[in-house]
1. What residue, of 87, 71, is touching a residue at least 40 places away in the same chain (Cβ under 8 Å) and in a strand (DSSP E or B)?
2. For the range 244-258, indicate whether the set of residues that are farther than 29 Å from residue 300 by Cα, surrounded by 12 or more Cβ atoms within 10 Å (Cβ to Cβ), of a type in the set (Asp, Glu) and assigned by TED's automatic domain parsing to the domain that holds residue 310 is non-empty.
3. State the number of residues belonging to the range 286-322 that are under 17 Å from residue 125 (Cβ atoms) and buried (at least 20 other Cβ atoms within 10 Å of the Cβ).
4. Could you grab me the full set of residues in the range 120-160 that are part of a loop (DSSP other than H, G, I, E, B) and either under 23 Å from residue 38 (Cα atoms) or basic (Lys, Arg) (or both)?
5. Which condition from (1) crowded, with 22+ Cβ neighbours inside 10 Å; (2) within 15 Å of the chain's Cα centre (by Cα); (3) not assigned by TED's automatic domain parsing to the domain that holds residue 242 is the one that residue 180 breaks?
6. Kindly indicate whether residue 259 is in a helix (DSSP H, G or I), at pLDDT below 95 and within 30 Å of residue 171 (Cβ to Cβ).
7. For the range 231-251, state whether one or more residues are within 18 Å of residue 200 (Cβ to Cβ), in contact with a Leu (Cβ under 9 Å, 6 or more places away or on another chain), assigned to a loop (DSSP other than H, G, I, E, B) and at pLDDT 95 or above.
Amino acid sequence: MKVAVLGAGAIGAYVGAALCRAGVEVHLVARGPHLAAMRKSGVIVHSPRGDWVAHPHATDDPAEIGPVDHVFLGLKANAYAAARDMVAPLLHEKTTLIAAQNGIPWWYFHKLKGQYEDHRIESVDPGGAVTAALPLERAIGCVVYAATEIESPGVVQHLEGTRFSIGEPDGSISTRCTEFADAMAAGGLKCPVEPDLRNDIWVKLMGNIAFNPISALTRATMAGICRHPGTRGIVAQMMEETVDVARRVGANPQISVERRLAGAERAGEHKTSTLQDLERGRPMELDVLITACVELADLTGAEAPTLRTIAAVADLLSENVA
C-alpha cells in the first residue's frame, strides 16, 4: 500500500508515522522548518503510550510521489478548494481521498438516500470548487478523536486518543476502507469502519460548533467556557439546536448534551484550533462548522436562534481579522 499525507501537520504527521511503522510506503507533504526537520530526523512522536520515531519520505512536491492508493488529507477544510493541483499528481484510477476534517464535509449528501440526496452545501463547497478539486466518488470520511500538536519542527506531541473513525458516504463496508483501517491498526491506531459515519460527524460537531467560535470570541479555554454559567448555558443551547438540525437531515447522534459538555470540560485549559488560528493570524475554519449548520437549518426549516446569533458575531470577527 502507498499512502500520501497531504498536509503533514500535527495530525497528518502522526498518522503518517503510524502507517510507516506498520510497513506502509508513506509520503508526507509539508513545508518550511517542519519539512526540513522531518527530512533530517524523521517524525519524532512523544506520547503517553511511549515515544517513537518513524522515517517516511517527506517532500513539498506531490509530483515527486506520483499516484498512491490513499491520500490522507491533513489540511484544514478551508484549504480544500485550493488543493486541486496538489492532489492531481497523487491520483490513479482508484485513489481514495480520506478527509480528516472537522465539521460538515463536502460529500455529506453524496449517496445519502432521501430528499436531500446530492444536495450541495454552499458554505462548505462554494460554487462546487471543493467537489472539482476532490471528486465525490473518491471520498472517504474520517472523524478524528486523537489530539496532537507540533511540539517543535518534526516533533509531534500526542496528547490523547488514537481513534480515527472512517466510513463510506453510502454506508458500505468497502474493501478500500477496510484495507486502510487494517494498516492504521497495524500502526497502533484505532480505525473502525462505521456504517453511518454521519452520526460521528454530528457528535464531534456538537462540541466544535459551540466551543470553537465562542473561544475565538472570548479567548477562553474549553474549561473556562464550561466554568462560566452564562457561556455554559449558551454551549448547551447550541448543542441542542445542532442535534435538532442533525435529526432533520436524517442523522441521530447518540450522546446527551450533558455528557458532551462533560467530555469537553475534561479537556481542561485547552485552546481550540479556531482560537489558535486567530492568535496566529490564520483564517478561522468556521464555514464547515457553524456556517454550514445554519445553512442546513435554513434548508430544513429549523429555527436555531442561538446558532444564528453566534454565527453572525463570529462572521464579523472573521471579517475584522482577515
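1. Going through 87, 71 in turn, just one is touching a residue at least 40 places away in the same chain (Cβ under 8 Å) and in a strand (DSSP E or B): 71.
2. Looking only at the range 244-258, we keep the residues that are farther than 29 Å from residue 300 by Cα, and these are none.
For the range 244-258, residues farther than 29 Å from residue 300 by Cα, surrounded by 12 or more Cβ atoms within 10 Å (Cβ to Cβ), of a type in the set (Asp, Glu) and assigned by TED's automatic domain parsing to the domain that holds residue 310: absent.
3. At the first step, the residues of the range 286-322 found to be under 17 Å from residue 125 (Cβ atoms) are 286-296, 298-299.
Those left that are additionally buried (at least 20 other Cβ atoms within 10 Å of the Cβ): 286-294, 296.
Residues that pass the stated criteria total 10.
4. Within the range 120-160, the first condition is being part of a loop (DSSP other than H, G, I, E, B), and the residues that meet it are 120-125, 134-135, 145-146, 153-154.
Across the range 120-160, the qualifying residues are 120, 146, 153, 154.
5. (2)
6. Values: in a helix (DSSP H, G or I): yes; at pLDDT below 95: yes; within 30 Å of residue 171 (Cβ to Cβ): yes.
It is true that residue 259 is in a helix (DSSP H, G or I), at pLDDT below 95 and within 30 Å of residue 171 (Cβ to Cβ).
7. Within the range 231-251, one or more residues are within 18 Å of residue 200 (Cβ to Cβ), in contact with a Leu (Cβ under 9 Å, 6 or more places away or on another chain), assigned to a loop (DSSP other than H, G, I, E, B) and at pLDDT 95 or above.
Here is a yes/no grid of residues against (1) aliphatic (A, V, I, L, M); (2) over 24 Å from residue 76 (Cβ atoms); (3) touching a strand residue (DSSP E or B) at 6+ places or on another chain (Cβ under 9 Å):
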position	(1), (2), (3)
236	yes, yes, no
243	yes, yes, no
255	yes, yes, no
264	yes, no, no
277	no, no, no
284	yes, no, no
310	yes, no, no
321	yes, no, no
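The values are calculated or read from the model by the stated rules, or taken from the named source; none is laboratory data. The shown structure was predicted, so the numbers you read here are calculated from the model rather than taken from an experiment. Methodologically, a virtual Cβ is constructed for each residue, glycine included, from the backbone with ideal geometry; neighbour enumeration extends over all protein chains shown.
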